[in-house]
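Take a look at the structure below.
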Amino acid sequence: MENTVQETKKRALSCIQPTGVPTLGNYLGALRNWVSMQDEFDCAFAVADLHAVTVKQEPAKLRTQISEMFALLLAIGLDPEKSLLFVQSQVPAHAQLGWLLACQTQFGELSRMTQFKDKSARHADNINAGLFSYPALMAADILLYQPDYVPVGEDQKQHCELTRDLAIRFNNRYSPTFTVPEPYIMKTGARVRSLQDPTKKMSKSDENQNAFVSMKDDKDTILRKFRRAVTDSEACVRYAEGKDGVNNLMEIYSAVTGKSMEQIEVEFDGRGYGDFKTAVGEAVAAELAPIQERYAVLMGDKAQLEALMKQGAERASYVANKTLSKVMKKMGFVIAR
Ligand code: TYM
């Protein structure tokens, strides 16, 4: 007899803010994993532009950055025929569910979020309500698509845990509605650190340009930034406690080449940091070059980009609206027909 049981794929969702060019940290911690997840999972990926306005944005610059981020997602290999790929603000259900979930989220929970504490310290003149309730909107981004997994870097784990709490709370209060998702954090690249201060995460908003590698940096810039990376005085490539700078470079090299820490130690045994840093820079530049080429082609065809955005928003809205209307009915709203 024919097997009629349908294998249903697990679902995954993730988003990235269009605030500046993504760094090697975004790429190794998140974006690269998205590409490899596309075959195994039913995926949805979005440019989280509504999140970006929780800090001040210059309108013309934001507009450009949204298109650029969308093009970059295509350039890394996300395939709009396999996955939902869209811009968050073009799917109104995100803002709508965000509000409904904000009303289920406690002040105390939001006050504990480390990203809120960091950002409110950095933007002391603009501690707005959106910055505070950011995790409720992020929970909406996720829960609308009922994913099993949320591929993110370490820094987003706390937000994912709050999302789980909100899903469980809603399911208990009303009735089972949301899949309770799990963060999906890859071992290598989960927390790429600053090249200048390896106790901090690599961030595109770092004032020191040498602290991060941007996905658009050319080969010379990449090599120069790695040559200037902070290490230590031991001059020995080994993975060990207290060697944050070298550990970070080894993790990057491992993430890009697939080599283990032991293999890297053997490869650079008896060689100085100079050789090692050049090898890391070369490997990173080689990984980014084909992406940069595809990106340039995509940015040259604005009409195609806009058409893909529109199609992505329509497809995503179809899925998102189903969840939203379920939620609204359960909460007691009268649904317009
Ligand atoms: P964002 O835009 O800051 O970063 C996008 C992704 O990159 C990861 N990442 C890193 N990973 C490793 N090392 C680093 N140094 C590093 N820096 C950033 C982040 O963990 C993230 O996975 N709030 C999110 C965006 C968002 C979202 C969502 C994510 C909005 N809605 C729903 C998942 C699901 C953010 O600000 O990521």
Would you be so kind as to identify which of 213, 252, 230 lies farthest towards the positive end of the dipole of the stretch 209-297, taking Lys and Arg as +1 and Asp and Glu as -1 on Cβ and the Cα centre as origin?
213
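Taking 0.36 nm per intervening residue step and subtracting the Cα-Cα distance, what contour gain separates residue 127 from residue 216 on full extension? Please list the in-between numbers first.
Details: separation 89, 0.36 × 89 = 32.04 nm, distance 3.08 nm.
Contour length minus Cα-Cα distance gives 29.0 nm.
Based on the Cβ-Cβ distance from residue 224 to residue 174, what FRET efficiency comes out when R0 is 56 Å, to the nearest 0.05? All intermediate terms of the calculation are to be shown ahead of the outcome.
Numbers: r = 55 Å, r/R0 = 0.99.
Working from the Cβ atoms, E equals 0.50.
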Using Cα positions and a limit of under 21 Å, work out the lysines in reach of residue 82, with same-chain residues fewer than 8 apart set aside.
9, 10, 310, 322
Where GluC sites (Glu not before Pro) in DSSP loops with at most 16 other Cβ within 10 Å are excluded, longest remaining stretch of the chain:
82-206
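Going by the alpha-carbon gyration tensor, a ≥ b ≥ c the square roots of its eigenvalues, is the chain rounded (a/c under 1.5) or, if a/c is not under 1.5, prolate (a/b greater than b/c) versus oblate?
Because a/c hits 1.5 or more and a/b exceeds b/c, the chain counts as prolate.
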Is any helix in the chain, taking whole DSSP H runs, at least 27 angstrom long along its axis by alpha carbon and on average at least -1.0 on the Kyte-Doolittle scale, and which ones?
273-299, 302-331
Accessible surface of residue 205 in the full protein assembly, 1.4 angstrom probe, to the nearest 10 Å²?
70
For a test of the definition: using alpha carbon positions, the gyration tensor, and the 1.5 limit on a/c, classify the stretch 128-287 as rounded, prolate or oblate.
prolate
Once you place label points 7 Å from the Cα toward the Cβ at residue 62 and residue 36, how far apart are they in nm?
3.5
Heavy-atom accessible area per residue, the chain, 1.4 Å probe: how many Å²?
49
Reachable lysines, given that their alpha-carbon falls under 25 Å from the alpha-carbon of residue 201 and they are not under 8 places away in the same chain
56, 61, 117, 119, 157, 187, 216, 219, 225, 243, 259, 277
Quick one: length gained pulling residue 335 to residue 209 fully straight, 0.36 nm per residue minus the C-alpha distance?
40.3 nm
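Which percent, to the nearest 5, of DSSP beta bridges fully inside the chain are antiparallel?
The antiparallel proportion sits near 10 percent.
Given an 8 Å cut-off on Cα distances and at least 6 residues of separation, report the relative contact order of the chain as a percent.
Working: 519 pairs, mean separation 73.3, N = 337.
Averaging sequence separation for qualifying contacts and normalising by length gives 22 percent for the chain.
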For residue 329 the rounded accessible area (nearest 10 Å², probe 1.4 Å, non-protein molecules ignored) is 120
Those chymotrypsin sites (Phe, Trp or Tyr not before Pro) in the stretch 157-207 that DSSP places in a loop and that have at most 16 other beta carbons within 10 Å:
174
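For the chain, what % of the accessible area comes from carbon and sulfur atoms, probe 1.4 Å? Don't skip to the end; give the middle numbers.
Values: 8300 of 16490 Å².
Within the chain, the accessible surface is 50 percent carbon and sulfur.
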Local electrostatic count at residue 294 - Lys and Arg +1, Asp and Glu -1, tallied over other residues with Cβ under 15 Å:
-3
Using alpha-carbon positions, the gyration tensor of the stretch 209-297 gives root eigenvalues a ≥ b ≥ c; with a/c under 1.5 called rounded, otherwise prolate if a/b exceeds b/c, else oblate, the class is prolate
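Full extension from residue 314 to residue 109: what is 0.36 nm times the residue separation minus their Cα-Cα distance, to one decimal in nm? Let's see the in-between values first.
Numbers: separation 205, 0.36 × 205 = 73.80 nm, distance 3.33 nm.
Stretched fully, the residue 314-residue 109 segment lengthens by 70.5 nm.
The values are calculated or read from the model by the stated rules, or taken from the named source; none is laboratory data. These figures come from a predicted structure and were not determined experimentally. In this analysis, Cβ positions are derived from the backbone assuming ideal geometry, glycine residues included, and neighbour counts consider all displayed protein chains. SASA here: full protein model, heavy atoms, side chains in, ligands and nucleic acids out. Shrake-Rupley method; radii C 1.70, N 1.55, O 1.52, S 1.80 Å.
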